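Note sheet for the following structure.
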Amino acid sequence: MAPHFAQSLPLCYVLSAVGGILEVGSIAVLAVPDAREKEGIPIPTWLSMVTLASNVIMQLIGSLSSNLIAPWFGPVSIVAPIYFSATLVFNLIIFGFILGLEFFDRIMIVGTYVIAIGTVLLQVVGPGIQDGQDIGELLGHSYALSWLLFLLVSMVVSTILMTTSINNYGEYKRIAILLVARSTSYTLNLTVSRAFLLNPDHFVLISFIVIKIVSGAIYTYAIVVQSTSVKQAKFIPLNATIVILINAMTGVIIWEDWRVISSSVGYGCVFLLLALGCDLLLSANLLTNDNAELGTARLMRRFHLERSLGSRNLYSDIGDHEQNIAGNKEVDLLITQSMESTRRSAWKKVLSTGNIEG
């Protein structure tokens with residue numbers, strides 16, 4: 001790496017987190033006036049212009065901080081987990097605790113904390129600094145070049161599908177297309193940012209600049225498409241998980257992070273924690289009472305109780321399908337099994353591409 005850019009893991013951590021914090025802030029400055037207008041409080045035109053300008057400035061600074069500069073000072077595989085962890089934690093703090101614009105139940109709070117803890121542990125067992133890397137030598141390995149080309153092809157194909165015919169597919173194929181587009185474009189964007197300082201020749205440097213611009217545009221466009229094409233409760237936790245995993249694989253395959261990982265077992269367990277945290281966030285959104293297909297409303301319909309009129313025993317006339325259940329323990333067991341089945345069904349619907357809605 002160029003001598004005037006000495007690598008620093010703490011600086012990489014801070015820059016990555018700043019990007020996530022500013023993204024939440026950029027959303028908050030627009031969300032607050034919008035909430036006030038919905039409450040009937042008029043917002044002056046000048047204030048709307050100020051909040052819009054603040055949104056653009058914070059997004060720009062956040063993008064430069066996490067997507068461009070942070071990879072100069074540390075491994076690309078740690079940028080994404082810190083960025084998304086900071087986004088989730090500060091989303092909880094700002095929108096939940098400070099502004100009170102959104103409600104976060106216990107499962108969502110615990111899931112956010114699990115992801116944050118996993119990110120902290122990543123700094124302990126994850127990859128460290130590698131000096132003296134050369135991008136030409138790294139891409140000289142066939143497996144590294146093959147992985148880079150795979151990411152490029154996947155990004156191009158998913159972008160074509162996203163821009164031409166995404167609305168022709170069912171929800172779960174749309175989720176898959178957007179996941180590929182966002183994960184590959186984000187990973188390529190971080191990779192070429194770090195490669196800028198690793199002695200690329202003129203042709204490679206120009207190619208990387210093109211990839212940087214194109215991948216950034218694709219990532220931004222995918223966010224716009226995502227907002228109208230898929231359910232955010234399903235997509236956001238899955239997107240965070242896939243992006244983090246693809247970046248980790250890129251770190252191992254292209255950047256040879258395996259040389260400086262403190263603990264392979266610990267590194268694997270960290271990503272298991274991140275996946276479990278995202279599972280909690282996904283389940284919290286899918287298994288709510290408002291979800292008629294997968295939520296608790298569907299579960300309770302299986303245990304319909306009819307109130308008996310004129311009796312102190314309010315549930316003396318429990319339906320026929322409940323009469324064969326002997327004792328509360330059997331009822332509790334049946335409810336637990338049904339909840340576990342519902343949870344599995346929720347994940348199966350999200351991850352399956354074979355059962356597509358019309």
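Placing +1 on each Lys and Arg Cβ and -1 on each Asp and Glu Cβ, with no other charges, gives the range 1-144 a dipole about its Cα centre of roughly 220 debye.
The share of C-alpha pairs in the range 46-169 whose separation exceeds 26 Å stands at 49 percent. The range 161-175 and the range 2-75 have their alpha-carbon centroids 29 Å apart. Stokes-Einstein diffusion coefficient for the range 38-107 at 37 °C in a medium of 0.692 mPa s, Rh from the Kirkwood formula over Cα pairs: what value in µm²/s? Approximately 222 µm²/s, per Stokes-Einstein. Measuring with a 1.4 angstrom probe and ignoring ligands and nucleic acids, residue 269 comes out at about 70 Å² accessible. The value of relative contact order for the range 180-246, using C-alpha pairs under 8 Å at least six residues apart, is 52 percent. Remark: spin-label model distance residue 106-residue 160 equals 5.1 nm, labels positioned 7 Å along the Cα→Cβ axis.
Derived scalar couplings between HN and Hα for the range 37-45 equal 5, 5, 7, x, 8, x, 10, x, 4 Hz in order, rounded to whole Hz, by the Karplus curve 6.51 cos²θ - 1.76 cosθ + 1.60 (θ = phi - 60°), x for Gly and Pro.
What list of whole percents do you get for P(r) of the range 3-79, with Cα-Cα distances grouped in 5 Å bins up to the one holding the largest distance? Spelled out per bin, shortest first, that is 3, 17, 20, 16, 12, 10, 8, 7, 5, 2, 1, 0. Once the Cα-Cα distance is subtracted from the 0.36 nm per residue extended length, the residue 98 to residue 146 segment shows a gain of 12.6 nm. Note on residue 32 and residue 125: their simple-model spin labels are 4.0 nm apart, each label 7 Å out from Cα toward Cβ. Radius of gyration (Cα atoms) of the range 113-234, expressed as a multiple of 2.2 N^0.38 Å: 1.24. Each residue of the range 191-206 is assigned a 3J(HN,Hα), and the resulting list reads 5, 6, 4, 5, 5, 4, 9, 10, 6, x, 6, 4, 5, 5, 4, 5 Hz, derived from the Karplus form 6.51 cos²θ - 1.76 cosθ + 1.60 (θ = phi - 60°), x at Gly and Pro. Net charge dipole, the range 142-255: roughly 280 debye, given to the nearest 20, about the Cα centre with Cβ charges of +1 for Lys and Arg and -1 for Asp and Glu. Using heavy atoms of the protein chains and a probe of 1.4 Å, the accessible area assigned to residue 87 is about 30 Å².
The values are calculated or read from the model by the stated rules, or taken from the named source; none is laboratory data. Remember, predicted model here, so these are calculated numbers, not experimental data. A quick note on method: Cβ atoms are made from the backbone with ideal geometry, for glycine too, and the neighbour counts reach across all protein chains shown. Just the protein is used for accessible areas: all its heavy atoms, side chains included, with ligands, DNA and RNA removed. Shrake-Rupley method; radii C 1.70, N 1.55, O 1.52, S 1.80 Å.
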